[in-house]
Amino acid sequence: MWWIKEYIKRHCTGLILYLTFLFIFVLVLFLYNLPLEAVGYAAGLCLVLAMVVVLVDAIRYRSKVQELSWQIKAVKNGAEQFPKPRDLQEQLYQELYEVSKQERMEQVAFLMREKKDVIDYFTLWTHQIKTPIAAMDLLLQHQASGEASYYEQKKQVQAELFKIEQYVDMVLQYLRLTDGVNDFVLKEYNLDDMIRQAVRKYAPMFIRKKLSLEYEPVNAKVVTDEKWMVFVLEQLLSNAIKYTACGVVRIHMEKGCLAVEDSGIGILPEDLPRIFDKGYTGYNGRNDKKASGIGLYLVKEILLRLGHKILAESEPGAGTRMKILF
């Protein structure tokens, strides 16, 4: 019978108020010198009526408490269903619960997607980084057996080490970006200085693939974050080198935009709208087998947070042009 105590606690204000009114009613009738029999009769009628109302309300309260107690158990099985609301207040409480429940479900779904994306990316990253490690191991075995010259093997090992460094740098930037931590430092920087940093890093790759670089100093200053902007430029150069077997890579200003242009294999028209989507590799990426679909996604997200934009123009067999709008 614990619910009786809770019922009295819930309605104590109303009960006290009713008893106060009843006392005032009896007192007024008594002060007017009405017969005690009439006063008692009126008070008794009011008391009996109140008891009937309280009894009916208490039964309904008990029924609702039992139903909600059952629902607490049903929630664990996902079969909860609120009883029909008696008034606007109960209806609003139920709507509030449903909204909160929906928000929690969306948050959980978002966290699960984020977790799956991280697991998928690290799974792919593990396979990616195994390739240069295995290549280095093979090169060292060849060196031990004297099958290749020292200088040639040194260049090959350096190239594989560069790939490892590139993959590690990419995963670190991916983690920083998805972690939600904003470490951007926006200042005015010389764009040429950032371009030269990226070009110096990828100079060995240009030499190794025998690609030409046409770089026209842009003589421009932009408000951006140097570390993240250099990473963006490195990713664009990496893609340009990866998908250009022979020819030239150009860096220049074009109608107020910084353009990184190559003469590589280009992008199919049906792939072009989706190349910045997370995990999308397209036809070229599927042929490459090692493409993660993360590089250009990071580029787009970084530029978006920096307040910049990126556009892609390409034709199959005629190269690709990436343009950054500051």
Residue satisfying all of: in segment 285-326; touching a Leu at 6+ places or on another chain (Cβ under 8 Å) and polar (S, T, N, Q); modelled with the lowest pLDDT among these: 292
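Which members of segment 188-228 meet the condition of being of a type outside the set (D, E, K, R) and in a loop (DSSP other than H, G, I, E, B)?
Step one: of segment 188-228, the residues of a type outside the set (D, E, K, R) are 189-191, 194-195, 197-199, 202-207, 211-213, 215, 217-220, 222-224, 228.
Matches in segment 188-228: 211, 217, 218, 219, 220.
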Candidates 39, 26, 65 - the one that is modelled with pLDDT under 75 and either in contact with a helix residue (DSSP H, G or I) (Cβ under 6 Å, 6 or more places away or on another chain) or on the phi > 0 side of the Ramachandran plot (or both): 39
Residue list for segment 297-323, restricted to those being over 24 Å from the mean Cα position of the chain (by Cα) and aliphatic (A, V, I, L, M): 312, 318, 322
Members of segment 248-257 that are modelled with pLDDT of 90 or more and either over 15 Å from residue 232 (Cβ atoms) or in contact with a helix residue (DSSP H, G or I) (Cβ under 7 Å, 6 or more places away or on another chain) (or both): 248, 249, 250, 251, 252, 253
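Taking segment 214-270, which residues are acidic (Asp, Glu) and either touching a Ser or Thr at 6+ places or on another chain (Cβ under 8 Å) or surrounded by fewer than 18 Cβ atoms within 10 Å (Cβ to Cβ) (or both)?
So in segment 214-270, the residues acidic (Asp, Glu) come out as 214, 216, 225-226, 234, 254, 261-262, 270.
The answer is 214, 216, 226, 254, 261, 262, 270.
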Subset of segment 173-212 (residues that are closer than 18 Å to residue 223 by Cα and of a type in the set (Val, Ile, Thr)): 185, 195
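Going through 244, 224 one at a time, which residue ends up being within 29 Å of the chain's Cα centre (by Cα) and hydroxyl-bearing (Ser, Thr, Tyr)? Spell out how you get there, then give the answer.
Working: 244 fails: within 29 Å of the chain's Cα centre (by Cα).
Sole residue among the options that is within 29 Å of the chain's Cα centre (by Cα) and hydroxyl-bearing (Ser, Thr, Tyr): 224.
Can we say residue 158 is modelled with pLDDT under 70 and in a helix (DSSP H, G or I)?
no
Per-residue answers, yes or no, for (1) out of contact with any strand residue (DSSP E or B) (no Cβ under 8 Å at 6 or more places or on another chain); (2) hydrophobic (A, V, I, L, M, F, W, C); (3) in contact (Cβ under 8 Å) with a residue 40 or more places away in the chain; (4) not assigned by TED's automatic domain parsing to the domain that holds residue 306:
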residue	(1), (2), (3), (4)
216	no, no, no, no
224	no, no, yes, no
240	no, yes, yes, no
248	no, yes, no, no
254	no, no, yes, no
257	no, yes, yes, no
263	no, no, yes, no
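The values are calculated or read from the model by the stated rules, or taken from the named source; none is laboratory data. Predicted model only: the values in this text are computed from it and were never measured. Here Cβ is always computed from backbone atoms with ideal geometry, including for glycine, and neighbour counts include all displayed protein chains.
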